[in-house]
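Working notes, beginning with the structure itself.
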Amino acid sequence: MTKAELIEKMAEASDCTKACAGKALDGAIEAIIKSVKKGDKVSLVGFGTFSQSKRKARTGRNPQTGKAIKIAAKKLPKFSAGKAFKDAVNK
């Protein structure tokens with residue numbers, strides 16, 4: 001499903017225009033991104049939790065030369081599916 005298809009489904013379900021549903025989706029995504037970027041967790045009961053995980057700096061190997069390289073630490077987004085979402089998918 002593409003973003004446009006999701007917006008269309010949201011508009012049908014909420015009986016509003018596609019433009020309104022698009023703004024609502026964009027607002028929700030923006031709010032989730034800002035919260036996770038700050039380090040907060042965003043929990044949507046029954047759906048899942050968005051959070052931030054941290055990857056430590058480490059040493060890796062260049063596969064072409066075999067030379068050791070430094071890989072910098074970074075923050076990554078993480079999503080954990082909720083029980084209701086997992087159960088719905090497994091039916």
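The values are calculated or read from the model by the stated rules, or taken from the named source; none is laboratory data. It should be emphasised that the depicted structure is a prediction, and the values quoted were computed from it without experimental measurement. Cβ coordinates were reconstructed from backbone atoms using ideal geometry, including for glycine residues, and neighbour counts include every protein chain displayed.
Residues in region 9-38 that are more than 17 Å from the chain's Cα centre (by Cα) and touching a residue at least 12 places away in the same chain (Cβ under 8 Å): 3 in all.
If a residue counts only when it is at pLDDT 95 or above and surrounded by 11 or more Cβ atoms within 10 Å (Cβ to Cβ), which strands (runs of 3 or more DSSP E) contained entirely in region 49-91 have at least 2 such residues?
Those strands (runs of 3 or more DSSP E) span 74-81.
Summed over region 39-91, residues that are of a type in the set (Lys, Arg), touching a strand residue (DSSP E or B) at 6+ places or on another chain (Cβ under 7 Å) and in contact (Cβ under 8 Å) with a residue 12 or more places away in the chain total 7. Which count do you get for residues in region 6-27 that are loosely packed, with under 13 Cβ neighbours inside 10 Å and either under 30 Å from Leu76 (Cα atoms) or basic (Lys, Arg) (or both)? Going through region 6-27 one residue at a time, the tally reaches 3.
In this structure, Leu6 qualifies as closer than 22 Å to Lys86 by Cβ, touching a helix residue (DSSP H, G or I) at 6+ places or on another chain (Cβ under 9 Å) and in a helix (DSSP H, G or I).
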